[in-house]
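Shown next, in structure tokens, is the structure this report addresses.
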Amino acid sequence: MATEATAPLRGVRVLDLTNVLAGPFACQQLAHLGAEVVKIEAVGRGDLARNLGADPDLSARGMGISFLAQNAGKTSLTLNLKDTRGRAILERLVKDADVLVENFRPGVMDRLGVGPDHLRSLNPRLIYCAISGFGQTGPWADRPAYDQIVQGAAGVMSITGDAGSAPLRVGYPLADTIGGLTAAMAIGAALNAQPRGAFIDVSMLEAVLATMGWVVSNHLVGGVEPEPQGNENPTSAPSGTFQCSDAPINIAANTDDQWLALAGHLGRADLCAHPDFATREDRKLNRHRLRAELETVLTTRPAEIWAEELATIGVPAGAVMRVPAILAHPQITGRDFIGRFDAVPGVGRPVDLVRLGAMIDGMRPSVTTPPPALGQHSDDILQALGYDLAAIQSLRAEGVI
């Protein structure tokens, strides 16, 4: 059951005009923290993510897995914002809203007549958050941008992989997700400001660069050109991925004490006295030879056994796991991280979805309602605004909702 602590945004109303991932993910975080999120979707189409995901049948029904993943706990209203009546409905919603989030290209909302200046004139306390690939200004502002475009532009791909495989994209939509988290963080902060009311401009490019602190600072401060390091940690050694008898293991012996403990546990204390491995800088310079020496022992036993033993003696280590394995692990299953919805409109089977990546006072913030069908709550929302059933039927018949 949600408490005041686990639902700190209870009473906050968010209008979610976003599509696909960065914006829906931002609003999903707010929903998990207790906000009421009204998802406003295009009539007849809805969020593009409704047609995306690994299950073609669900995508064809407009309940694609990509949509399910980011939209639990929201209600859905369909609106045609190219129609003056649709814009009027949005304006009425804005008057009682706390937050509006959109991820159209810069200028689209202004061209529709519902840009930030207009909507904030109706409600000066409105927090208007615009998420885009490159921000609302600058030479790239009007460029279309999906996650991989931003990963490439930010330099992420140039440092991912090794000399033989880079550039590589990170294996999940990193830029979208970081952009969404940045938006949610900024909105949460703006909700605490007095007087309330702000225009938040989130650039996915800048959000990603902000998380690349060490890489960026090594260049800005140290003059170092970032290069792909593969699975090696460039700041220390032995720190990277090593082969065991069955699978790889990550070991991060980043301090001298951890290095001594690792070498001793592997029965290779002789390496500690070797002049090529005596200091951190020596070990970094000769990291590949050092890895080969350690693997002569590591390859004799399974990764999970080594990981358990090394963690016990204070050496950070963990097997390189596949996604199904970590989702089934007691570390995840025992902390209420995955929620199940037994009944989801248009799906016909239970759906398991991840929750917020934090606990508050020992409890996991969560939503109680499943992802909505397209326009599922249109009638209820419009009736609450004062529209009668006849007016709603007319709006639907004329494609406004």
Problem set entry | Close pairs from the range 204-223: first touching a residue at least 60 places away in the same chain (Cβ under 8 Å), partner part of a helix (DSSP H, G or I) and β-branched (V, I, T), Cβ under 6 Å, at least 6 apart | M204/V150; L205/V150
Problem set entry | Single residue of the range 118-156 satisfying the filter (under 18 Å from the mean Cα position of the chain (by Cα) and surrounded by fewer than 18 Cβ atoms within 10 Å (Cβ to Cβ)) that is nearest to W214 (Cα to Cα) | G152
Problem set entry | Options V202, V208: the member that is closer than 30 Å to G180 by Cα and part of a strand (DSSP E or B) | V202
Exercise. What do you reckon, is I313 more than 23 Å from L68 (Cα to Cα), more than 23 Å from the chain's Cα centre (by Cα) and hydrophobic (A, V, I, L, M, F, W, C)?
Worked result: yes
Exercise. Could you say whether any residue in the range 54-61 is touching a residue at least 40 places away in the same chain (Cβ under 8 Å), crowded, with 24+ Cβ neighbours inside 10 Å and among the basic types (K, R)?
Worked result: no
Problem set entry | Residue within the range 168-183 that is in a helix (DSSP H, G or I), surrounded by fewer than 17 Cβ atoms within 10 Å (Cβ to Cβ) and not assigned by TED's automatic domain parsing to the domain that holds H288 present | no
Seminar exercise, completed: Filtering strands (runs of 3 or more DSSP E) wholly in the range 246-364 for at least 1 residues that are without any contact (Cβ under 8 Å) to a residue 40 or more places away in the chain and within 24 Å of A26 (Cα to Cα) gives 338-341, 351-354
Seminar exercise, completed: All-but-one check, I40 against (1) without any contact (Cβ under 8 Å) to a residue 60 or more places away in the chain; (2) surrounded by fewer than 18 Cβ atoms within 10 Å (Cβ to Cβ); (3) not in a helix (DSSP H, G or I), failing number (2)
Seminar exercise, completed: Checking Q393, Q383 in turn, the sole residue that is farther than 17 Å from V43 by Cα, free of Cβ contacts under 8 Å to residues at least 40 places away in the same chain and assigned by TED's automatic domain parsing to the domain that holds T75 turns out to be Q383
Problem set entry | Scan of the range 364-375 for residues that are surrounded by 18 or more Cβ atoms within 10 Å (Cβ to Cβ) and within 15 Å of I40 (Cα to Cα), ordered by number | P371, P372, L374, G375
Problem set entry | Selected residue [over 17 Å from C27 (Cβ atoms), in the same structural domain as C27 (by TED's automatic domain parsing), modelled with pLDDT under 95 and among the basic types (K, R)] from R92, R111, R125, R143 | R143
Exercise. Which of the following residues is crowded, with 22+ Cβ neighbours inside 10 Å, under 21 Å from P144 (Cα atoms) and among the acidic types (D, E): D47, D110, D98?
Worked result: D47
For this session: Evaluate the range 140-159: report whether one residue or more is of a type in the set (K, R), part of a loop (DSSP other than H, G, I, E, B) and over 17 Å from L15 (Cα atoms).
Result: yes
Exercise. Checking H329 against (1) more than 17 Å from Q70 (Cβ to Cβ); (2) loosely packed, with under 11 Cβ neighbours inside 10 Å, which single condition isn't satisfied?
Worked result: (2)
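The values are calculated or read from the model by the stated rules, or taken from the named source; none is laboratory data. Fair warning: this is a prediction, and the values are worked out from it, not measured in the lab. Reconstructed Cβ throughout: ideal geometry from the backbone, glycine too, with neighbour counts over all protein chains shown.
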